[in-house]
1. Go through region 95-103 residue by residue and turn each phi into a ³J(HN,Hα) via Karplus (6.51, -1.76, 1.60, θ = phi - 60°); whole Hz please, and just put x for glycine and proline.
2. Please turn the phi angles of region 83-88 into ³J(HN,Hα) values with the Karplus equation 6.51 cos²θ - 1.76 cosθ + 1.60 (θ = phi - 60°), one per residue in order, whole Hz, x for glycine and proline.
3. Based on alpha-carbon centroids, what's the gap between region 51-90 and region 1-39 in Å, whole number please?
4. With only Lys, Arg, Asp and Glu charged, each at its Cβ (+1 for the first two, -1 for the last two), find how big the charge dipole of the chain is about the Cα centre; round to the nearest 20 debye.
5. Tell me, what ³J(HN,Hα) does each residue in region 76-81 have, in order and in whole Hz, if you take phi through Karplus 6.51 cos²θ - 1.76 cosθ + 1.60 with θ = phi - 60° and put x for Gly and Pro?
6. Could you list, in their original order, any pairs among Lys79/Lys105; Lys13/Lys79; Lys15/Lys83; Lys15/Lys93; Lys13/Lys83 whose Cα atoms are separated by more than 30 Å?
7. Which one of Val62, Ile78, Ile109 is farthest out on the positive end of the charge dipole of the chain, using unit charges on Cβ (Lys, Arg +1; Asp, Glu -1) and the Cα centre as origin?
8. For the chain, with the dipole built from +1 on Lys and Arg beta-carbon atoms and -1 on Asp and Glu ones, taken about the Cα centre, which of Tyr36, Met9, Gln47 lies farthest toward the positive end?
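Just so it is clear, none of the values below were taken in a lab; they were calculated from the coordinates. Note that the coordinates shown come from a computational prediction; the quantities given were computed from them, not determined experimentally. Every residue, glycine as well, gets a Cβ built from its backbone with ideal geometry; the counts of neighbours run over all protein chains shown.
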Amino acid sequence: MSIMSQGLMLVGKPKDSWRDNAIDFFIEVCVSIYLYILLVLSDFWGQNSFRDEEGWALVILVITVILINFLNLTFSTIKGLCKFIRKKMKKCKKAKKEEELKEEKKEEIK
């Protein structure tokens, strides 16, 4: 099911930006790897001599996904904050320009 979801993400591109699609695809791949590691950890085939290594791989995978999501959140927040600041600065410049024009008109009238 997860592999099918990955294929649909590549074909359908559900998000507008390339970055969001790439992050979603990466997370889906990590979910698949996570599930395969869990399957191996379940001892379905008997003895598992690499149990500790697989456990560490699982921990590293989860930390990587959390880190990627945190970086994505940080990037999106900074980008939104920059847009907000630019918008406010334009508004302030426009208000200042209008105020200067009003003062010039007052001076012309005198």
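1. Whole-Hz 3J(HN,Hα) from phi for region 95-103: 5, 5, 5, 5, 5, 5, 5, 5, 5.
2. In residue order, the calculated couplings are 4, 4, 5, 4, 5, 5 Hz.
3. 17
4. 1260
5. For region 76-81, the Karplus curve yields 5, 5, 5, 4, x, 5 Hz.
6. Over 30 Å Cα-Cα: Lys79/Lys105; Lys15/Lys93.
7. Comparing the listed Cα positions along the dipole, Ile109 ranks first.
8. Result: Met9, furthest along the dipole toward the positive end.
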